[in-house]
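S.K.: If you scroll down you'll find the structure; I have some questions about it.
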Amino acid sequence: MWDAGGPRAGLLATAGVATSEAVHIVVAAAGLAALFAAVPIAFTVVRIVGAAYLIYLGVQIIRHRRDSQEAASVIGTEVSGRRTYLNGLLTNLLNPKMVTFTIAFLPQFINPHLGQVWVQFAVLGAVLIIFEFLVDGTVGVLAGNIGGWLRRRPTARRRIDAAVGGVFIGLGVRLAAER
């Protein structure tokens, strides 16, 4: 347990995102692209579940923005590292755009004539995850450092939480409405 937010929380959320990307890579390697092409309803299900999760996250952020501000302002507030990791994992795992990106992007660089398709997926997937961790980890650490500034400015934090919650809800609604 550690103070709410902070660079370590950013890294844990990034680890969750990277783990979900590994799942996306395995799914792509196992042929989800072919499944989505053969059974379009499968993608629709992933899209709707992802949209519902985004809306849920947005509502939670808006509903608890005052609570999160009060909790963050108390020194020693503890946040479960497991919860931080799981939030990063679920947010990316249920993001149909990430699923679509992975299953559309990686297979383009696989050459079945070179043999060992799984090895090719593993190598390309590892490179993708390393770069994702570097970029998202940097963003997470920087965002974690900004958390201290926000704890000293409750009005700014409430406004940011309201805006982020609204964006999540809007993205979820847009995603659900896509055809």
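The values are calculated or read from the model by the stated rules, or taken from the named source; none is laboratory data. This structure is a prediction, so every number in the text was calculated from the model and none was measured. As a convention, Cβ positions derive from the backbone with ideal geometry for all residues, glycine included, and neighbour counts pool all protein chains shown.
S.K.: Only residues in the range 156-179 that are farther than 10 Å from Ile55 by Cα count as the first member; pair them with residues that are in a helix (DSSP H, G or I) and hydroxyl-bearing (Ser, Thr, Tyr), Cβ under 7 angstrom, at least 6 apart or cross-chain, and list the lot.
M.R.: Here the result reads Asp161/Ser68, each pair linking the range 156-179 to a residue that is in a helix (DSSP H, G or I) and hydroxyl-bearing (Ser, Thr, Tyr).
S.K.: Can you name the condition, by its number, that Tyr53 falls short on among (1) over 22 Å from Asn145 (Cα atoms); (2) exposed (fewer than 14 other Cβ atoms within 10 Å of the Cβ); (3) at pLDDT below 85?
M.R.: With respect to (1) over 22 Å from Asn145 (Cα atoms); (2) exposed (fewer than 14 other Cβ atoms within 10 Å of the Cβ); (3) at pLDDT below 85, Tyr53 is out only on (2).
Each row is one residue, and each column tells you yes or no for (1) under 30 Å from Arg153 (Cα atoms); (2) modelled with pLDDT of 85 or more.
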{"residue": "Ser80", "(1), (2)": "yes, no"}
{"residue": "Val99", "(1), (2)": "no, no"}
{"residue": "Ala104", "(1), (2)": "no, no"}
{"residue": "Gln108", "(1), (2)": "no, no"}
{"residue": "Gln120", "(1), (2)": "no, yes"}
{"residue": "Val123", "(1), (2)": "no, yes"}
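S.K.: Restrict the check to the range 35-44 and report whether at least one residue is of a type in the set (Phe, Trp, Tyr), touching a Phe, Trp or Tyr at 6+ places or on another chain (Cβ under 9 Å) and at pLDDT below 90. I'd like the intermediate steps shown before the answer.
M.R.: First, the residues of the range 35-44 that are of a type in the set (Phe, Trp, Tyr): 36, 43.
After this cut, where a residue has to be touching a Phe, Trp or Tyr at 6+ places or on another chain (Cβ under 9 Å) as well, the list is 36, 43.
Okay, now just the ones that are also at pLDDT below 90, so 36, 43.
Looking for residues that are of a type in the set (Phe, Trp, Tyr), touching a Phe, Trp or Tyr at 6+ places or on another chain (Cβ under 9 Å) and at pLDDT below 90, one finds at least one in the range 35-44, hence yes.
S.K.: Limited to the range 100-122, what total is found for residues that are within 22 Å of the chain's Cα centre (by Cα) and either surrounded by fewer than 17 Cβ atoms within 10 Å (Cβ to Cβ) or free of Cβ contacts under 8 Å to residues at least 40 places away in the same chain (or both)?
M.R.: 4
S.K.: Then there is this: Restricting attention to the range 125-144, which residues are among the aromatic types (Phe, Trp, Tyr) and either exposed (fewer than 13 other Cβ atoms within 10 Å of the Cβ) or at pLDDT below 85 (or both)?
M.R.: Phe131, the sole residue that qualifies.
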